[in-house]
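Novice: Structure incoming, see below.
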Amino acid sequence: MTDQSLLNDQRLYYPATARNRDPILAVLRANLPPRDLVLEIASGSGEHVVHFAEALPHLDFQPSDPSIEAVRSIDAWRQSAGLANIRPAITLDAAAASWPVENVDAILCINMIHISPWQATEGLMRNAAACLSPGAPLYLYGPYKRGGRHTAPSNADFDASLKARDPAWGLRDLEAVAALAADAGFSAPAVTEMPANNLSVVFRRI
């Protein structure tokens, strides 16, 4: 078995990626810079970053994840795709005191905030503020509560299932996330309604 086959065997597949990647890409096209480096936090399988890198060849992408299994999957997807604008994945915990990167031009974080402790969101905002220049975007995607309420019965059910898996997980209030972002030095969010009761949320570094 070749090294390439070994890498491909480590690719993870998340069905939701195929459903949401193009709606997300449409928002990214309108918000990402025309060039330079995009850091993805919690890249998961790596399927998203490959799709975005293929569609946006003028940008370089740095994927990351705290999971070694995910890092292996990301690199397997990267090598399978053969795209020159995806860097090797790095191990990065959003909640860490500091990140092993600096001076990036945009940050993406898809479906992490509700599947992690609140400390991860705190670390995301703190470290993103340290990495981004004024005007640079921080893009978030996922389901949120608004005004303290779920926006759909399916989101309420999803929230309950997450909390059953880990009490520290669960859908966050968009207002709480926005307040945390403001404290870290970000603008008020620009919010786009997405399919399946999700939101695209874009903050800009002030």
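Novice: So which of Leu138, Leu132, Leu180, Leu162 ends up being closer than 15 Å to Ile115 by Cα, surrounded by 12 or more Cβ atoms within 10 Å (Cβ to Cβ) and among the aliphatic types (A, V, I, L, M)?
Specialist: Only one candidate passes the filter, namely Leu162.
Novice: Also, quick follow-up: Are any residues in segment 29-69 of a type outside the set (Val, Ile, Thr), within 11 Å of the chain's Cα centre (by Cα) and in a strand (DSSP E or B), and if so, which ones?
Specialist: Answer for segment 29-69, where residues must be of a type outside the set (Val, Ile, Thr), within 11 Å of the chain's Cα centre (by Cα) and in a strand (DSSP E or B): Leu39, Glu40, Pro63, Ser64, Asp65.
Novice: Suppose we filter segment 190-199 for residues that are assigned to a helix (DSSP H, G or I) and surrounded by 15 or more Cβ atoms within 10 Å (Cβ to Cβ); how many remain?
Specialist: 1
Novice: Which members of segment 79-99 meet the condition of being of a type outside the set (Gly, Ala, Ser) and within 17 Å of the chain's Cα centre (by Cα)?
Specialist: Ile86, Arg87, Pro88, Ile90, Thr91, Leu92, Asp93, Trp99
Novice: Out of the residues in segment 179-189 that are in a helix (DSSP H, G or I) and free of Cβ contacts under 8 Å to residues at least 24 places away in the same chain, which is farthest from Ser133 (Cα to Cα)?
Specialist: Only one residue tops the list, namely Ala179.
Novice: Answer with yes or no whether Leu12 is without any contact (Cβ under 8 Å) to a residue 40 or more places away in the chain, assigned to a loop (DSSP other than H, G, I, E, B) and either within 24 Å of Ser200 (Cβ to Cβ) or of a type outside the set (Asp, Glu) (or both).
Specialist: When the stated conditions are applied, Leu12 does not pass them.
Novice: Condition (residue is assigned to a strand (DSSP E or B), closer than 24 Å to Ser45 by Cα and among the aromatic types (Phe, Trp, Tyr)) applied to segment 117-126: is it met by at least one residue?
Specialist: No, because not a single residue in segment 117-126 is assigned to a strand (DSSP E or B), closer than 24 Å to Ser45 by Cα and among the aromatic types (Phe, Trp, Tyr).
Novice: Between a residue in segment 53-68 that is surrounded by 15 or more Cβ atoms within 10 Å (Cβ to Cβ) and any residue that is among the hydroxyl-bearing types (Ser, Thr, Tyr), which pairs come within a Cβ distance under 8 Å, given they are 6 or more apart or on different chains?
Specialist: Pro63/Ser43; Ser64/Ser43; Ser64/Thr91; Asp65/Ser43; Asp65/Thr91; Pro66/Thr91
Novice: Answer with yes or no whether Asp36 is buried (at least 18 other Cβ atoms within 10 Å of the Cβ), touching a strand residue (DSSP E or B) at 6+ places or on another chain (Cβ under 9 Å) and acidic (Asp, Glu).
Specialist: Taking the combined requirement at face value, the residue does not satisfy it.
Novice: Would you mind finding the one in Asp159, Asp93 that is out of contact with any Ser or Thr (no Cβ under 7 Å at 6 or more places or on another chain) and in a loop (DSSP other than H, G, I, E, B)?
Specialist: Asp93
None of the figures in this text is laboratory data; all of them are computed from the coordinates on show. These figures come from a predicted structure and were not determined experimentally. Here Cβ is always computed from backbone atoms with ideal geometry, including for glycine, and neighbour counts include all displayed protein chains.
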